[in-house]
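Some notes on the structure that comes next.
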Amino acid sequence: MRLSTALVAASALLAVGCSAAGDAAPDKRYYVSLGDSLAEGVQPDTDGRAQVTPQGYTDALFRSLYDRDSTLEHRRMGCGGEDTTTFTHGGIQRCDERYPEPSQLGAAERFLEDHRGSVALVTLDIGGNNFTGCVEEGGGEAVADVDEACVDEGLARLREEVPEIAVRLRTAAGPDVQIVGMTYYNPYLAALLLEDADPDAADTADPTPRDIAEYADDVLGRLNDTLRSAYAEAGIDVADVAEAFESENFDVPRGSESGLPVNVRRICDYTWMCDPERGPDIHTNQAGAQRIAEVFGQVVVAF
C-alpha cells in the first residue's frame, strides 16, 4: 500500500512538472534595428515638420516577423541624423542621450554581446546622411544647393567607416546571426519634376534640375557600391532598396499618363518629395516604408 501511494505521489509530481514545463513561456528573441531617420520612422506631419512615427520600414518589417514569431521583441535603436561618423563615435546630442555607450554602434555591440543566442535578426541603414547632410533643401524645391566638397568628404568617411561598422557588428553578433544592411534610393530624382518649370534656367550658370538629379544618381551609385562591398566582406546580407526603387531606370513607360521616368514615379509614390503640402521631404511615406520592409523580408531567412 505504501509503495502504491508513493507511486501515485511520484506520478502526480511528474505530471505537475510536465505541466509546468509545458506552460513555461518560450524564450524571448530580439529583432535589433539600427540606423538613421529611416530606421527611426521619421515622416513629415501635416505642417511639414519631421516627426518620429511608428510607421517606418523597421516597424512594418517587425509586424510581419511578429506574425510568424510572437516571442519576438523589437529593440529599436535608430536615430535620425546619424551618419557613419556619428554612428561610430557619437556627436549628435539627441542620439547620444539615448545610449549609455558613446555611440549607437557601441550600444548595439553591448546589446548583441549581452544577448548572444537570443538575437534573431539585425537590420541596418547607415551612410545616406554622408550625402544628404550636404544638400540644402528649401523654397519648395527638391534641392536648393549641394556642397560638393562636403559630399566628397562624406564619401571618404563612408569608405573608411562602413567596413569598420560592418566588422564590429558581425563580431558582436557572432557568425550565426543574420545581419541585413540596405542601399539607398535617390530622393533627388524629384528635381526632374522642375525640369520644364523654368525655361530660362538653361541659360544660367546654375545647375539644371537634370544636372542635380544626375549628380545625385552618380553620388548614390558610388555610395551604394561601397555599402554592398563592405557588407559582403563582413558576411552581411543586402536589401537592395536602390534596385527595388529602380533608381537608375530613366525610361518613360509606354502609355504613361504622367510622362515621368520610372525612377521619378517611384520617388513620388514612395516618398514625400513630390507632396506639395508636406514636402519636399526625402523620407518614405507609409507605402515606401512598406516597400522597403518587403525588400528586407525577401532577404531575411531567420523566420
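The values are calculated or read from the model by the stated rules, or taken from the named source; none is laboratory data. All figures in this text were calculated on a predicted structure; none of them were measured in a lab. Here Cβ is always computed from backbone atoms with ideal geometry, including for glycine, and neighbour counts include all displayed protein chains.
Laid out as a table, the results:
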quantity: Filter result for the condition that a residue is crowded, with 17+ Cβ neighbours inside 10 Å and within 15 Å of the chain's Cα centre (by Cα), over L105, L112; calculated: L105
quantity: Failed item, numbered, when A230 is tested on (1) among the aliphatic types (A, V, I, L, M); (2) more than 19 Å from V122 (Cα to Cα); (3) assigned to a helix (DSSP H, G or I); calculated: (2)
quantity: Test: V262 is surrounded by fewer than 21 Cβ atoms within 10 Å (Cβ to Cβ) and either among the aliphatic types (A, V, I, L, M) or out of contact with any Asp or Glu (no Cβ under 8 Å at 6 or more places or on another chain) (or both); calculated: yes
quantity: Residue within segment 122-136 that is more than 21 Å from the chain's Cα centre (by Cα) and not in a helix (DSSP H, G or I) present; calculated: yes
quantity: Residues within segment 252-268 that are over 19 Å from D217 (Cβ atoms) and either of a type in the set (S, T, N, Q) or part of a helix (DSSP H, G or I) (or both), tallied; calculated: 2
quantity: Scan of segment 162-176 for residues that are surrounded by fewer than 23 Cβ atoms within 10 Å (Cβ to Cβ) and assigned to a helix (DSSP H, G or I), ordered by number; calculated: P163, E164, V167, R168, R170, T171, A172
quantity: Condition broken by A142, with the remaining ones in (1) surrounded by 24 or more Cβ atoms within 10 Å (Cβ to Cβ); (2) under 29 Å from P261 (Cα atoms); (3) modelled with pLDDT of 95 or more satisfied; calculated: (3)
quantity: Members of segment 145-158 that are buried (at least 17 other Cβ atoms within 10 Å of the Cβ) and either part of a helix (DSSP H, G or I) or at pLDDT 95 or above (or both); calculated: V151, G154, L155, L158
quantity: Verdict on D251 being surrounded by fewer than 14 Cβ atoms within 10 Å (Cβ to Cβ), modelled with pLDDT of 90 or more and touching a helix residue (DSSP H, G or I) at 6+ places or on another chain (Cβ under 7 Å); calculated: yes
quantity: Counted residues, segment 92-121 - those being assigned to a loop (DSSP other than H, G, I, E, B) and under 18 Å from F62 (Cβ atoms); calculated: 2
quantity: Candidates V238, V301, filtered to the one that is farther than 23 Å from T46 by Cα, touching a Ser or Thr at 6+ places or on another chain (Cβ under 7 Å), not in a helix (DSSP H, G or I) and not polar (S, T, N, Q); calculated: V238
quantity: E243 vs. criteria modelled with pLDDT of 95 or more and either touching an Asp or Glu at 6+ places or on another chain (Cβ under 7 Å) or farther than 16 Å from D125 by Cβ (or both); calculated: no
quantity: Residues of segment 41-50 that turn out to be surrounded by fewer than 21 Cβ atoms within 10 Å (Cβ to Cβ), of a type outside the set (D, E, K, R) and either modelled with pLDDT under 95 or in contact with a helix residue (DSSP H, G or I) (Cβ under 7 Å, 6 or more places away or on another chain) (or both), as a count; calculated: 3
quantity: Subset of segment 64-91 [in a helix (DSSP H, G or I) and either among the β-branched types (V, I, T) or surrounded by 17 or more Cβ atoms within 10 Å (Cβ to Cβ) (or both)]; calculated: L65, T84, T85, T86, F87, T88
